[in-house]
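Engineer: What follows is a single structure, and I will ask about it in a moment.
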Amino acid sequence: MTRDEALDRLRQLARAQALGRHVGSDRLIQAGLDALLTDVDSPSLALLAGLGRREEHEARELFDHVVDELRLGFEVPADPIAAKWALAYWLAAQIVNGSLDPATGADLIWVEAASELGYPEALQPIVECAIHLDDWNADWSTPLEQLKGEVVVTARALVERGKCESDL
C-alpha cells in the first residue's frame, strides 16, 4: 500500500462515518496502522494504530482526531435531501471503484437513498437493478454477474451525473 492509498482509505472511512455508515473499530485501527506504515504522520495516528482489543472503544474518537489533523474530513450537507443525494453518489462511486459489491450497493442506494427521496427518476435505473438482484435466483437465464455488471454501468452513470451537477 502506498501513502496515497492509505490516505484515500482514511478519507473514505471518514466519509462513510460522516454519511452515517457504521465503520467498525477494527477497520479504523487497521487503516491507522496502514497509514502509519506508509509514513503518514499526525499526532494521533500512532495512538490509533497502537490500540489493542481492550482499547477499541477509543478508536472512533482517535480516528476523528486523525481525520481533523490530516484535514480529511467530509462535511455532510445540512439539508437532509442533499445529504441523501450525497450518500447515493458516494455509494455509487464505491460500486464503480470496486470497493462495494454491486448487489449490496444497489440495495443500499434503494433502501437508504431512493426510498427516502421518494424514488426520484435519476435513481430509478439503480433501483430497478436492485429489484432484479433481489428477485434473482439460479433458474433465471440471466447470470447474476451480468446483473451486477448492469449495476456498475448504472452506478457509473449516476456518478457522472453527480459530477455534472457539482459543476453547476
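The values are calculated or read from the model by the stated rules, or taken from the named source; none is laboratory data. Note that the structure is a prediction, hence the values are computed from the model and not measured. Methodologically, a virtual Cβ is constructed for each residue, glycine included, from the backbone with ideal geometry; neighbour enumeration extends over all protein chains shown. Heads up: the accessible areas ignore ligands, DNA and RNA and are worked out on the full protein's heavy atoms, side chains in. Shrake-Rupley method; radii C 1.70, N 1.55, O 1.52, S 1.80 Å.
Engineer: Take the stretch 132-156 and flag every residue that is modelled with pLDDT under 95 and hydrophobic (A, V, I, L, M, F, W, C).
Structural biologist: Residues satisfying the conditions are L133, W136, A138, W140, L144, L147.
Okay, residues lined up against (1) assigned to a loop (DSSP other than H, G, I, E, B); (2) out of contact with any Lys or Arg (no Cβ under 8 Å at 6 or more places or on another chain); (3) hydrophobic (A, V, I, L, M, F, W, C); (4) open to solvent by 80 Å² or more (accessible area, probe 1.4 Å):
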site: V66; (1), (2), (3), (4): no, yes, yes, no
site: L72; (1), (2), (3), (4): yes, no, yes, no
site: L91; (1), (2), (3), (4): no, yes, yes, no
site: A130; (1), (2), (3), (4): no, yes, yes, no
site: V151; (1), (2), (3), (4): no, yes, yes, no
site: T154; (1), (2), (3), (4): no, yes, no, no
site: E160; (1), (2), (3), (4): no, yes, no, yes
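Engineer: Which of the residues that make up the stretch 98-123 are among the polar types (S, T, N, Q) and closer than 17 Å to I81 by Cβ?
Structural biologist: Of everything in the stretch 98-123, just one residue is among the polar types (S, T, N, Q) and closer than 17 Å to I81 by Cβ, namely S115.
Engineer: Also, quick follow-up: Can you tell me how many residues in the stretch 93-124 are without any contact (Cβ under 8 Å) to a residue 12 or more places away in the chain, closer than 12 Å to A155 by Cβ, open to solvent by 50 Å² or more (accessible area, probe 1.4 Å) and in a loop (DSSP other than H, G, I, E, B)?
Structural biologist: Residues in the stretch 93-124 being without any contact (Cβ under 8 Å) to a residue 12 or more places away in the chain, closer than 12 Å to A155 by Cβ, open to solvent by 50 Å² or more (accessible area, probe 1.4 Å) and in a loop (DSSP other than H, G, I, E, B): 2 in total.
The rows are residues; the columns are (1) more than 17 Å from L13 (Cα to Cα); (2) touching a strand residue (DSSP E or B) at 6+ places or on another chain (Cβ under 9 Å); (3) at pLDDT 95 or above.
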{"site": "E58", "(1), (2), (3)": "no, no, no"}
{"site": "G73", "(1), (2), (3)": "no, no, no"}
{"site": "Q94", "(1), (2), (3)": "no, no, no"}
{"site": "D107", "(1), (2), (3)": "yes, no, yes"}
{"site": "A122", "(1), (2), (3)": "yes, no, no"}
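Engineer: Looking at this structure, is A82 modelled with pLDDT under 95, within 30 Å of L147 (Cα to Cα) and among the aliphatic types (A, V, I, L, M)?
Structural biologist: Spelling it out, A82 is indeed modelled with pLDDT under 95, within 30 Å of L147 (Cα to Cα) and among the aliphatic types (A, V, I, L, M).
Engineer: Between a first residue in the stretch 141-152 that is more than 9 Å from A106 (Cβ to Cβ) and a second residue that is open to solvent by 40 Å² or more (accessible area, probe 1.4 Å) and among the β-branched types (V, I, T), which pairs have beta carbons less than 8 Å apart while being 6 or more apart in sequence or on different chains?
Structural biologist: Note: pairs meeting the criteria are V152/V96.
Engineer: A follow-up question, please. Quick one: count up the residues across the stretch 13-29 that are crowded, with 16+ Cβ neighbours inside 10 Å and part of a helix (DSSP H, G or I).
Structural biologist: Of the residues in that region, 9 qualify.
Engineer: Can you name the condition, by its number, that S44 falls short on among (1) under 18 Å from the mean Cα position of the chain (by Cα); (2) open to solvent by less than 40 Å² (accessible area, probe 1.4 Å)?
Structural biologist: (1)
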